[in-house]
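Below you'll find the structure, written out as structure tokens, and then a few comments.
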Amino acid sequence: MSIQKLDLKTDLARIIKRYFQDLEGLSPTLNYYDQVKNINSPNELCLKYLNLTTRLVDPKPREVLKSDLFYCPKRFRTVLENLENKIKNGEDLTPYLSSRVGWVDDEGGRKDRHRDRLLIAWGIHHIHLGEKKGSNGFIERTGPLLFVRFTEEKAYFLIIRRHGRRTKKNGQKSKRYHYPWNRQFFIDILHNNWSDSIRDNEVGLEYEAPSDEEIKQWMRGYINVPPKTKNGTAYFGPGSGFTLSGDSIDNVRTCHHIFRCLESTEGYLRDNATEFVKLSDQMGAQVGGSLEFRMDLFELIGSRVRFEILEKNSQVWVDYEEGKPLRLRIKPKNNL
């Protein structure tokens, strides 16, 4: 039995473009699809998609924990209470994130506008504390930011710190520029409050502690240098760290893993086309003169890959979930 069509990587590229369109529903001004519609490389699309979804916060209920240094100025307490409730209830936080989550690349624009170095290096998000939502769908921007580390079940509130220049009462900007993105006190806070949560990132290396200014320059060059706490404990991360391209190491590895799963499944179907026809016949499905496979669903369940492939002529689905055997099922007649 011949296979007329089987190209899971191209199918993945099509699906990811559709997912970019779906994410535009998070805010009225997002235009992810326009940024990726002319990209045909499955590898490039996969990495851009993972880089974006890493910067977003998966809406799921989480326990909120606060560090011993955490203090919220009075003017932000109502906003913070609302944020806590949203996090506990698993609501979408996109309006509170950096408006730069609207970019998936920096072509023709500001360098690294689609990257969050603090998140890639140390796994820490920053959240704005404005009250009113603008026409772009984002909460008004604030100088003080809430710095949070999210895991699957918890939201660690580290500290509220200012960024940029303070606006004076006369409307002018102060000369001092606040740049918190390279400050190793974030790691101190995690170490002093929730060391168990980053224990896997601890490294037993002896070296001179880098300065915050050195960290800043290395981050700009996508160089991974473990920060040190004041007591001398060194950590790699707790973000995944940078590749030479500036992308997240974890996301690059995940893309490679996804393509290995696709390639192995594609190879299996090619090598077992006759067996596929035999099993389909036993299920009462009629296979035409050739096989035409098309992947219609792809998802990551944690770190496990799952996808569904439809053979067009027989209307038989091939279900793949990592760690489980392939499963065949007949597409219902009313499922168009």
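Using mean Cβ contacts within 10 Å as the protection proxy, how do 233-243, 261-271 order, highest first? It would help to have the intermediate numbers written out before the result.
Values: 233-243: 20.2, 261-271: 15.5.
Going by the mean number of other Cβ atoms within 10 Å, highest first, we get 233-243, 261-271.
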Dipole check, segment 30-88, charges on Cβ (K,R +1; D,E -1), about Cα centroid: among 76, 42, 54 the Cα furthest to the positive pole belongs to 76
So how strong a dipole does the chain carry about its Cα centre when Lys and Arg Cβ are +1 and Asp and Glu Cβ are -1, to the nearest 20 debye?
1860 debye
Under 18 Å from the Cα of residue 66 - aspartates and glutamates, other chains or at least 8 residues apart
81, 84, 152, 153, 188, 196
What relative contact order, as a whole-number percentage, does the chain give when Cα pairs under 8 Å and 6 or more residues apart are counted?
17 percent
Using a 10 angstrom cutoff on alpha carbons, build the Gaussian network for the chain and name the most mobile of 212, 58, 196.
196
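Give me 216, 173 sorted ascending by neighbouring Cβ count inside 10 Å, so fewest comes first. Each step should come with its number before you reach the end.
On the way: 216 15, 173 11.
Lowest count first: 173, 216.
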Would you look at the GNM of the chain, springs on alpha carbons closer than 10 Å, and say which of 246, 288, 171 moves the most?
171
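Relative contact order, percent, of segment 25-132 when contacts are C-alpha pairs under 8 Å separated by at least 6 residues?
Reported relative contact order: 32 percent.
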Report, by chain and number, residues whose modeled amide H sits under 5 Å from the one on residue 159, excluding near sequence neighbours (fewer than 5 apart, same chain).
147
Which Rg and Dmax, in Å, describe the Cα atoms of segment 207-285?
23.3, 70
Under the Karplus curve 6.51 cos²θ - 1.76 cosθ + 1.60, θ = phi - 60°, whole-Hz ³J(HN,Hα) for segment 48-60, x wherever Gly or Pro sits
4, 5, 5, 4, 5, 5, 5, 6, 6, 10, 4, x, 8
How about residue 228: which lysines have a C-alpha closer than 17 Å to its C-alpha, ignoring those fewer than 8 places off in the same chain?
216
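Compute for segment 116-184: radius of gyration divided by Kirkwood radius, i.e. Rg/Rh, restricted to C-alpha atoms, rounded to two decimals. List each step's numbers first, then the result.
On the way: Rg = 13.8 Å, Rh = 13.6 Å.
Taking Rg over the Kirkwood Rh, I get 1.02.
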Going by a ≥ b ≥ c, the root eigenvalues of the Cα gyration tensor, does segment 24-246 fall in the rounded group (a/c under 1.5), the prolate group (a/b larger than b/c) or the oblate group?
rounded
C-alpha long axis of helix 77-89 to longest principal axis of the chain, angle in °
20 degrees
Just flag the GluC sites (Glu not before Pro) in segment 198-249 sitting in loop per DSSP whose Cβ has no more than 10 other Cβ atoms within 10 Å.
206, 208
Using only Cα atoms, find the angle between the long axis of helix 249-271 and the longest principal axis of the chain, and express it within 0 to 90 degrees, rounded to the nearest 10.
0 degrees
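No lab work stands behind these numbers, since they all come straight from the coordinates. Small disclaimer: the values here were computed from a predicted structure and weren't measured. Here Cβ is always computed from backbone atoms with ideal geometry, including for glycine, and neighbour counts include all displayed protein chains.
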